[in-house]
Amino acid sequence: MNIQTILATKGAHVITIRPEQAIREALVLFIRHNIGALVVLDDAGQLIGLLAERDIIRAAPMNEAIFSQPVSAVMTRDIITAVPQDDLMSVANTMTEMRIRHLPVVDRGRLVGIVSIGDVVKAQRDHYHGEVDTLQTQLLAGDI
Amino acid sequence: MGQPGTDTNPLRVAIIGAGPSGFYVAEHLLNQQGLVVEIDMLDRLPTPYGLVRGGVAPDHQKIKAVTATYDKIAAHSGFHFYGYVEFGKDLTLHDLREMYHQIVYTTGAQTDQHLGIPGEDLHGSWPATAFVAWYNGHPDFCDYQFDFSHERVAVVGVGNVAVDVARILCRTPEELATTDIADYALEALRHSRIKEVHMLGRRGPAQAVFTNPELKELGELAGAEVSVLPEEVALDDLSRIALEKSQDRATYRKLELLQKYAAQKATTKPRQLIIRFLVSPVELLGNADGQVAAVRLVKNVLYATEAGTLRPSPTDQFETLPVGLVFRSVGYRGVPLPGVPFDERWDVILSKCVNCGRKQG
């Protein structure tokens, strides 16, 4: 299974934000869409960073004025991205080992989706369920 | 009117497509505690079971025994099957919306992904799905004519469908006669002059997606010897590191089998099945009649993506493999249904586009 399969199931819709928007607006988007990260795009629609809940939490204790600060002040710039052809297993390993919760998916320079660790866990769970079902069916078929 | 799913107002569900997915959806719905459901399963063909009938290889009879499970589901009083009913022709989305609370599309991935290379549409270049459906007696494909008079064949892909295609091409008529293969296919393959079947994988042996029982079976063919080039089965550094990290036993076993095939001495069996790795077709070359005459291959090396997947990257080394027949088996895609939103990018019907009443969460 690859990332394209996950996107085909969950859809390619990504909630994005601009770097000059305020953290308060980002929080509103987190709540409205029940998500934990926003992809940051510049005027040209290029991916320039990722704003995760954790970025805000990390900055908040040192910064009383965090809510009015721009997204660009807090976002992570140096991010890892996935491609639609990435294998589910490599992505699961990378996200687990590097403690990454969200991977934007980029195809030929264009943002085409986002995969969260929840999506990866769900895909793995479904995969293993499918495997167990197949094996059970094969065992039962052998008895018929 | 209250929520459907009760004795007086059962949840009425239409399932389009009577393959495995359709039956599992039906089973799931019928097993819901406290939900009264009436399921009508429709199929374009007069017969149920979809890919189990038209896709599972005829020499893998045991797998087809899974239909016993589907028969149990079908025996449920809330379940009805209507064969020979084509969505979009005999019934439209509009008709179904009037009659059902829910519509589930389980029409599968019916056609193949394109290679996207020049010459792909030459005569003699086929989707593996067409060949598979043909030897399984699918009514849409039984009139197809495959020309087995060529000595060399390429099967593009190293998944289990590619293995099925290669294995059926390599089986002796005596072996095939004991299977469930369509009579006309057995007759056509009886006159096959194929001597070499080349399976082409774009990545390395550790990334090949065929499963080990299928790979092992290739080593047990009565009339064909399987071989692998030793230099193509040697593990590159990236794959070795990935494997040391994952410690995946199935991959170790796969490599063992492939290395065994690579070390095998040539025998006198009439056919050769050659499994190639790290090569991608870049062009199909035709003769004056527009018939496939060769496939041009580029040698690949592997690189790791940021997320850690090993992917092929072409080098500047090419080779030309003369072949008269090509079967493409590099993945499958769904086909749009009339009136149903279809995502062209992923070649699927996106669940959330269709009437399921939930906002993106």
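Values quoted throughout were computed directly from the atomic coordinates according to the rules given, and no laboratory measurement underlies them. Being a predicted model, the structure only gives us computed values, none of them experimental. Every residue, glycine as well, gets a Cβ built from its backbone with ideal geometry; the counts of neighbours run over all protein chains shown.
Across the options B:A166, B:H191, B:V156, the greatest Cα extent toward the positive end of the charge dipole of segment B:149-202 (unit charges at beta carbon of Lys, Arg, Asp, Glu) belongs to B:V156. Residue by residue along A:27-36, Cβ atoms of other protein chains within 10 Å of the local Cβ number 1 on average.
Ordering B:V104, B:H28, B:T129 by the projection of their Cα atoms onto the charge dipole of segment B:24-168, which places +1 on the Cβ of Lys and Arg and -1 on the Cβ of Asp and Glu, puts B:H28 at the extreme positive end. Assuming charge only on the beta carbon of Lys and Arg (+1) and of Asp and Glu (-1), the dipole of chain B about its Cα centre is about 860 debye to the nearest 20. You can think of it this way: the chain between B:E344 and B:R193 has 50.4 nm of extra reach, that is 0.36 nm per residue less the Cα-Cα gap. Couplings 3J(HN,Hα) for segment B:85-92, derived from phi with the Karplus relation 6.51 cos²θ - 1.76 cosθ + 1.60 (θ = phi - 60°), are 10, 9, 5, x, 10, 7, 9, 10 Hz, where x marks Gly and Pro.
Considering only the other residues whose Cβ falls under 12 Å of the Cβ of B:L42, what net charge follows from Lys and Arg at +1 and Asp and Glu at -1? Counting the neighbours of B:L42, the net charge comes to -3. Distance between the C-alpha centers of segment B:190-264 and segment A:56-100? Whole Å please. One Cα centre to the other: 39 Å. Of all DSSP bridge pairs formed entirely within the protein assembly as shown, close to 45 percent run antiparallel. Magnitude of the charge dipole for segment B:156-223, about its Cα centre and with charges confined to Cβ atoms of Lys, Arg (+1) and Asp, Glu (-1), is about 420 debye.
Counting Lys and Arg as +1 and Asp and Glu as -1 over every other residue whose Cβ lies under 15 Å from the Cβ of A:G130, the net charge comes to -2.
Counting only DSSP beta bridges with both residues in chain B, the antiparallel share comes to about 35 percent. With each label modelled as a point 7 angstrom along the Cα→C-beta vector, the B:L35-A:E20 pair spans 4.9 nm.
Under 5 Å from the amide H of B:M199 lie the amide H atoms of B:V155, B:I274, B:I275, B:R276, each residue being 5 or more positions distant or on a separate chain, with H modelled from the backbone and absent for Pro and chain starts.
Look at the Cα gyration tensor of the protein assembly as shown: its axes a ≥ b ≥ c give a/c of at least 1.5 with a/b at or below b/c, and that counts as oblate. Spin-label pair A:M98-B:D147: with each label point 7 Å from Cα along the Cα-Cβ axis, the two points sit 5.0 nm from one another. The lysines within cross-link reach of B:K64, meaning a Cα-to-Cα straight distance under 29 Å and a gap of 8 or more places when in the same chain, are A:K122, B:K72, B:K216, B:K254.
Converting phi to 3J(HN,Hα) with the Karplus coefficients 6.51, -1.76 and 1.60 and the offset θ = phi - 60°, segment A:38-43 yields 10, 8, 9, 10, 8, 4 Hz in sequence order, with x at every glycine or proline. Computed over chain A, relative contact order equals 25 percent, with contacts defined as Cα pairs under 8 Å that lie 6+ residues apart. When all alpha carbon pairs of segment B:148-231 are counted in 10 Å bins from zero, the resulting P(r) reads 16, 51, 28, 6, 0 %. Working from Cα pairs under 8 Å separated by at least six residues, relative contact order for segment B:1-43 is 53 percent. Among B:E319, B:E231, B:E214, the residue with the largest mean-square fluctuation in a Gaussian network model of chain B, with springs joining Cα atoms closer than 10 Å, is B:E231.
Residues whose amide H lies under 5 Å from that of B:V104, counting only those 5 or more places away or on a different chain, are B:A14, B:I15, B:I16; hydrogens are built 1.01 Å from N in the peptide plane. For segment B:76-120, applying the loop criterion from DSSP together with a ceiling of 13 other beta carbons within 10 Å to the chymotrypsin sites (Phe, Trp or Tyr not before Pro) yields B:Y84. Available extension along the chain between B:K269 and B:K299 is 7.9 nm, counting 0.36 nm per residue and deducting the alpha carbon span.
For B:K265, the aspartates and glutamates whose Cα falls under 14 Å of its own Cα, not counting residues fewer than eight places away in the same chain, are B:E225.
Calculated mean residue ellipticity at 222 nm for chain B: -7500 deg cm²/dmol, from DSSP H runs with n ≥ 4 weighted as -39500 (n - 2.57), summed, divided by the residue count and rounded to 500.
Each of A:H127, A:Q85, A:I23 was placed along the dipole of chain A (beta-carbon charges, centred on the mean Cα), and the one lying farthest toward the positive end is A:I23.
Taking a Cβ cut-off of under 12 Å around A:Q4, the surrounding Lys, Arg, Asp and Glu residues balance to a net charge of -2, with basic ones at +1 and acidic ones at -1.
With a Cα-only, solvent-free Debye model of chain B, what are the log10 I(q)/I(0) values at q = 0.09 Å⁻¹? Treating every Cα as an identical point scatterer, log10 I(q)/I(0) equals -0.61. Applied to segment B:156-170, the Karplus parametrisation 6.51 cos²θ - 1.76 cosθ + 1.60 on θ = phi - 60° returns per-residue 3J(HN,Hα) values of 8, x, 10, x, 5, 5, 4, 5, 4, 4, 4, 5, 4, 5, 8 Hz, with x for Gly and Pro. Close amide H partners of B:V282, meaning residues 5 or more places away or on another chain with modelled amide H under 5 Å apart, are B:R296, B:L297, B:V298.
Springs join every pair of Cα atoms under 10 Å in this Gaussian network model of chain B, and among B:A65, B:A74, B:A154 the largest mean-square fluctuation is at B:A65. With the simple spin-label model, which puts each label point 7 Å out from Cα in the Cβ direction, the B:D236 to B:A288 separation comes to 4.1 nm.
For segment B:52-207, the calculated P(r) over all alpha carbon pairs, in 5 Å bins from 0 to the bin holding the longest distance, is 1, 7, 13, 17, 17, 14, 11, 8, 6, 3, 1, 0 percent. If R0 equals 45 Å, the separation of the Cβ atoms of A:T134 and A:Q69 corresponds to a calculated FRET efficiency of about 0.30.
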